[in-house]
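This report refers to the structure that appears directly beneath it.
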Amino acid sequence: MCSLQRYKMAFKVLNSGIFTTIQDQGRYGYAHLGITNSGAMDEYAYLWSQTLLGQKNINALEVMVGLKLEATKDIEISITGADLDFKIDGNSLAIWQTHYIKKGSILSFNRRVYGQRAYLAIKGGFDVPKKYGSYSTTLKEGIGFRLRRGDSLISCSGLKPPIPKSNPIFRVQPKYIPDYEKPLTLRVVLGYQEAEFTAEEREKFFNSEYEITLQSDRMGFRLKGEPIKANIDGIISEGIAFGSIQIPQDGQPIVLLKERQTIGGYPKIGTVLAEDCFRLAQRGAGCGIRFKEVDWELFQ
Amino acid sequence: MIIKRVSLNSVIVYFKQDISETVLNQVQALNTLLQKLKGIVDIVPSYCSVLVTYDRGIYNYKSIKEVLNSFDMGRFDFIEQELHNATECSIKSNLQVIKIPTDYSKNLDLERVANHNNLTIEEVITLHTQQVYRVYAIGFMVGFAYLAQVDPKIATPRLTTPRAKIPKGSVAIADTQTAIYPQDSAGGWNIIGSTEFNAFEQFSIGDYVQFTKV
């Protein structure tokens, strides 16, 4: 936690939205205790929220739709990720850039235009305690911070914001802004129990379209489509990597993400590349996705 | 020891796919070595495997494999032996056995376990407390340690329908494994007692654990 003398209240939560949490890049080095990585579901967008403010992996709000905040001081923010119809005092504003917010302004995330998760960061970050080396929130572990109506968000930076006129606005170049509506093909490195899937089953897997179901959350995305059969029903429980594709007995793949369980006993056909997991995190239920095998050696 | 690729920054080390103390000692030895190694991001040891996530700035698939293989060839067997000796001694001196004071009167399924195995409740308690268990895996939730093996005489399958809420501190049996629920949770294990022992963050793989009746 940062210095208490210098803290300043930054926002008052008028409406907490669907599920707004504080996240960073995640919690590492504790998986052997059963503690999951957690962290920003779309790490790419999160990292840009930090870079825009000239900081590295402090923290940000992971925002789904419905969040409404009142600025309780003049403050510089960055917004990246999903377009949730972001408005300040009712005026739509561009995202993937920084903004200067006047004290008393109302920030709102009104509806999903494209994508699922937006990241709102402030200079110096939000003043919440770190746990196990990270600010990330994992509700089921009782770790971290989920916003409630009436909460006050404290800023770590006590510096007076400079006069807006002299303040440059930083924007992410359009070529680096992902298109969340583009059809998504997840690149897969085969591994784990790949040998337990016949050539025929693999072909099915790589040639079918799967749909994201409503049972998709920070733990993992459950897909629906052509069922895949493994030669085995289960394995002795083992560690689950980020992006692992688990195939339970019903044959419907589950891509395991930031809040996955640390060990599990279902066969896994391979692992989705991390960057593609970040893209997946911005797709909602009903969206179709495909898988493509990639040669891991290309990435060494 | 077999090393398999998992993702661009992780590999899994498989030992003999067998739930046994010999394999557990190997898992524990590798876990101990990796905890000290720089450039390792996360380690998930389990019954007969260790998932290793590494920093791609330091290792690639080839170099991490070399490091892991170097353990296998030299130091590794030695450390396994050392660990084994150390634990043999500590068991004797009772130093490293984590004791779990358990109130068996606070149970939901002790009768079920007794009936299933044609034993009296007292016999079940005796068989459960006389065994020294080891931590074979940690997961499912934070601090949930899978302890094995319970005496086959009291092994009992999971409930057909899991309970929606099992209180924190519940001591439970499923098949030949036993465990403590570190927090309130849904679950299908047979609840045979309750402990005040705070299981959160207490266990690591390979630890020795024994329940005592209070």
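The values are calculated or read from the model by the stated rules, or taken from the named source; none is laboratory data. Source: prediction; values computed, not measured. Positions of Cβ are generated from backbone atoms using ideal geometry, with glycine treated the same way; all protein chains shown enter the neighbour counts.
A few points about this structure:
So that you can scan it fast, the table gives a plain yes or no per residue for (1) at negative phi; (2) touching a helix residue (DSSP H, G or I) at 6+ places or on another chain (Cβ under 8 Å):
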residue	(1), (2)
B:Ile121	yes, yes
B:Val135	yes, no
B:Gly143	no, yes
B:Ala148	yes, no
B:Arg158	yes, no
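- B:Leu68 buried (at least 18 other Cβ atoms within 10 Å of the Cβ), more than 22 Å from the chain's Cα centre (by Cα) and away from every other protein chain (no Cβ under 11 Å): yes
- With respect to the stated conditions, A:Glu76 is surrounded by 17 or more Cβ atoms within 10 Å (Cβ to Cβ), modelled with pLDDT under 95 and acidic (Asp, Glu).
- Yes/no for A:Gly243 being at pLDDT 95 or above and either touching a His at 6+ places or on another chain (Cβ under 8 Å) or within 16 Å of B:Lys4 (Cβ to Cβ) (or both): yes
- Residues that are touching a Phe, Trp or Tyr at 6+ places or on another chain (Cβ under 9 Å), under 28 Å from B:Pro45 (Cβ atoms) and either part of a helix (DSSP H, G or I) or not β-branched (Val, Ile, Thr) (or both), drawn from the stretch A:252-263: A:Pro253, A:Leu256, A:Leu257, A:Lys258, A:Arg260, A:Gln261
- Any hit, the stretch A:53-62, residues being among the small types (Gly, Ala, Ser), over 24 Å from A:Phe221 (Cβ atoms), assigned to a loop (DSSP other than H, G, I, E, B) and not assigned by TED's automatic domain parsing to the domain that holds A:Cys277: yes
- Test: residue in the stretch B:125-133 that is within 29 Å of A:His32 (Cα to Cα), in a helix (DSSP H, G or I) and among the β-branched types (Val, Ile, Thr): yes
- Hits in the stretch A:246-287 - residues which are at pLDDT 95 or above and aromatic (Phe, Trp, Tyr): A:Phe278
- Residues (within 12 Å of another protein chain (Cβ to nearest Cβ), assigned to a loop (DSSP other than H, G, I, E, B) and touching a residue at least 12 places away in the same chain (Cβ under 8 Å)) located in the stretch B:40-64: B:Tyr47, B:Cys48, B:Asp55, B:Arg56, B:Tyr59
Every residue, every condition in (1) of a type in the set (Gly, Ala, Ser); (2) at pLDDT below 95; (3) in contact with a Lys or Arg (Cβ under 8 Å, 6 or more places away or on another chain), yes or no:
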{"residue": "B:Ile12", "(1), (2), (3)": "no, no, yes"}
{"residue": "B:Val27", "(1), (2), (3)": "no, yes, no"}
{"residue": "B:Lys38", "(1), (2), (3)": "no, yes, no"}
{"residue": "B:Val44", "(1), (2), (3)": "no, no, no"}
{"residue": "B:Asp55", "(1), (2), (3)": "no, no, no"}
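- Highlighted here are the strands (runs of 3 or more DSSP E) found entirely within the stretch A:162-251 that include at least 3 residues which are surrounded by fewer than 17 Cβ atoms within 10 Å (Cβ to Cβ) and away from chain B (no Cβ under 14 Å): A:210-216.
- Only a single item in (1) part of a helix (DSSP H, G or I); (2) within 14 Å of chain B (Cβ to nearest Cβ) is not met by A:Arg27, and it is number (1).
- Cβ-Cβ contacts under 9 Å between residues 6 or more apart (or on different chains), taken from a first residue in the stretch B:15-33 that is more than 13 Å from every other protein chain (Cβ to nearest Cβ) and without any contact (Cβ under 8 Å) to a residue 12 or more places away in the chain to a second residue that is part of a loop (DSSP other than H, G, I, E, B) and of a type in the set (A, V, I, L, M, F, W, C), are listed as B:Thr22/B:Phe15.
- Residue check, B:Thr161 part of a loop (DSSP other than H, G, I, E, B) and farther than 30 Å from B:Gln35 by Cβ: yes
- Counting only residues that are more than 13 Å from every other protein chain (Cβ to nearest Cβ), over 20 Å from A:Ile228 (Cα atoms) and not in a loop (DSSP other than H, G, I, E, B), the stretch A:264-288 holds 3 of them.
- Hey, B:Pro167 surrounded by fewer than 21 Cβ atoms within 10 Å (Cβ to Cβ) and either closer than 26 Å to B:Val23 by Cβ or not assigned by TED's automatic domain parsing to the domain that holds B:Phe200 (or both) or not: no
- If you go through the stretch B:171-189 and pick out every residue that is touching a Leu at 6+ places or on another chain (Cβ under 8 Å) and either assigned to a helix (DSSP H, G or I) or among the hydroxyl-bearing types (Ser, Thr, Tyr) (or both), you end up with 1.
- Of all residues in the stretch A:30-45 being in a loop (DSSP other than H, G, I, E, B) and touching a Ser or Thr at 6+ places or on another chain (Cβ under 7 Å), the one that is nearest to the other protein chains (Cβ to nearest Cβ): A:Gly34
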